[in-house]
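Working notes, structure below.
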Amino acid sequence: MKGSYLGEALPPYLSAHATQPDQILRDLAIETSALHTKYAGMQISPEQGTFMTMLTQLTGAKLAVEVGTFTGYSSICIARGLAPGGRLIACDVSEEWTAMARKYWERAGLTDRIELRLGNAVETLEAMSGDEEIDFAFIDADKGGYPAYYEALLQRMRPGGLIVCDNTIQGGYITDPDAEGNVPVMRAFNDQVTADPRVDSVLLSVADGLTLVRKR
Ligand SMILES: C[S@@+](CC[C@H](N)C(=O)[O-])C[C@H]1O[C@@H](n2cnc3c(N)ncnc32)[C@H](O)[C@@H]1O
């Protein structure tokens, strides 16, 4: 991971000192980078995947929601951590990218636990009834959409439920006042979460920044 905000030596060391992904996740990472060379970097890192399985397990999640599925890496990590009988609702707009996800859900024996909802995730979330409370959520889609995903999810989370938000450090540029693109958008989102009296939150320097948000 050359050029990481953590320097050059630490990222591979951190990767090496986490439970390693199994053959299915390794094959998915290889197939993603072969087919979608330009976009392969959107996939979460192996140690983040291990961490997310652990977080899902620690939350005892029965109902989880993912915003941004791509080719399926994070969805497999979340689904594997669900409590018995648990479900993951996976939201994405791309039929093409999620076709690979479907193939790997099948291979991982997770088709009964994961339901794909194609379409703009804001609409998908707003269409969810509030009857069933969400225990665990992961936001990893277009950065401009984070405030809307966060709000729609928070209203449907159980007290004590956890929202995990990806890319909140933006490659280390989050503190650079001159950075453009997604950086100011993410900075505004980080400020919004920190000021929200409905939650407790912590921004972790895991991978590209992972904010854990626990509903009070
Ligand atoms: C960074 S990738 C997700 C990576 C994935 N979590 C993984 O581990 O491989 C972002 C995904 O968000 C999806 N996306 C973008 N805008 C969206 C929207 N409005 N609603 C739902 N998904 C969206 C994209 O199609 C893309 O697959």
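The values are calculated or read from the model by the stated rules, or taken from the named source; none is laboratory data. Treat the numbers as computed from the prediction; the structure is a model and nothing was measured. A quick note on method: Cβ atoms are made from the backbone with ideal geometry, for glycine too, and the neighbour counts reach across all protein chains shown. In case anyone asks, the SASA skips ligands and DNA or RNA and just uses the protein heavy atoms, side chains included. Shrake-Rupley method; radii C 1.70, N 1.55, O 1.52, S 1.80 Å.
Here Thr19 sits with roughly 100 square angstrom of accessible surface, probe radius 1.4 Å. Annotation: amide H-H contacts under 5 Å for Met157 (H modelled 1.01 Å from N, sequence separation of 5 or more, or interchain): Ile134. Under 20 Å from a label point set 7 Å out along the Cα-to-Cβ vector of Ala16, the amide N atoms of region 180-216 belong to 206-207. Taking Lys and Arg as +1 and Asp and Glu as -1, the other residues whose beta-carbon sits under 12 Å from that of Glu31 total +2. As a rough guide to protection, the peptides 133-140, 149-156 ranked by mean Cβ packing within 10 Å, highest first, stand as 133-140, 149-156.
Which of rounded, prolate, oblate describes the chain, given a ≥ b ≥ c as roots of the alpha-carbon gyration tensor eigenvalues and a/c under 1.5 marking rounded, otherwise prolate only if a/b is larger than b/c? The shape class here is rounded. Each residue, Asp27 and Ala148, gets one label point 7 Å from its Cα in the Cβ direction; the gap between the two is 3.7 nm. Arg117's amide H: which non-local residues (gap 5+, or another chain) put their own amide H closer than 5 Å, with H modeled 1.01 Å from N in plane and none for Pro or chain starts? Result for Arg117 returns Ala90, Cys91, Asp92.
Rolling a 1.4 Å probe over the heavy atoms of the protein chains gives the chain an accessible area of 48 Å² per residue. Counting only protein chain heavy atoms and rolling a 1.4 Å probe, the accessible areas of Trp97, Trp105 rank, largest first, as Trp97, Trp105. Of Arg87, Arg117, Arg107, the residue with the greatest mean-square motion in the GNM of the chain, using alpha carbon springs below 10 Å, is Arg107. Membrane-span-like helices in the chain (whole DSSP H runs, Cα extent of at least 15 Å along the helix axis, mean Kyte-Doolittle hydropathy of at least 0.5): 23-35.
Residues Met186, Met54 ordered from highest to lowest accessible area at a 1.4 Å probe: Met54, Met186. Amide H contacts of Val65: Ile89, Phe136, Ala137, Phe138, each under 5 Å away and 5 or more positions distant or on a separate chain (H built 1.01 Å from N in the peptide plane; Pro and chain starts excluded). Each DSSP beta bridge with both residues in the chain is either parallel or antiparallel, and the antiparallel ones are about 40%.
Extension gain, Ala179-Thr37: 0.36 nm per intervening residue step, less the Cα-Cα distance, totals 48.6 nm. When you restrict to C-alpha pairs under 8 Å that are six or more residues apart and normalise by the size of region 4-215, the relative contact order lands at 17 percent. Based on the alpha-carbon gyration tensor of region 140-216 and its eigenvalue square roots a ≥ b ≥ c, which shape applies: rounded if a/c is under 1.5, prolate if not and a/b is larger than b/c, or oblate? Cα axes put region 140-216 in the prolate bin. For Val93, project a label point 7 Å along Cα to C-beta. Then give me every residue of region 26-68 with its amide nitrogen under 15 Å of that point. Only 67-68 pass the distance filter.
Residues with beta-carbon under 12 Å from that of Asp200, excluding Asp200: net charge, scoring Lys, Arg +1 and Asp, Glu -1? That works out to +3. Nonpolar atom fraction for the chain, defined as the carbon and sulfur part of the 1.4 Å probe accessible area, stands at 55 percent.
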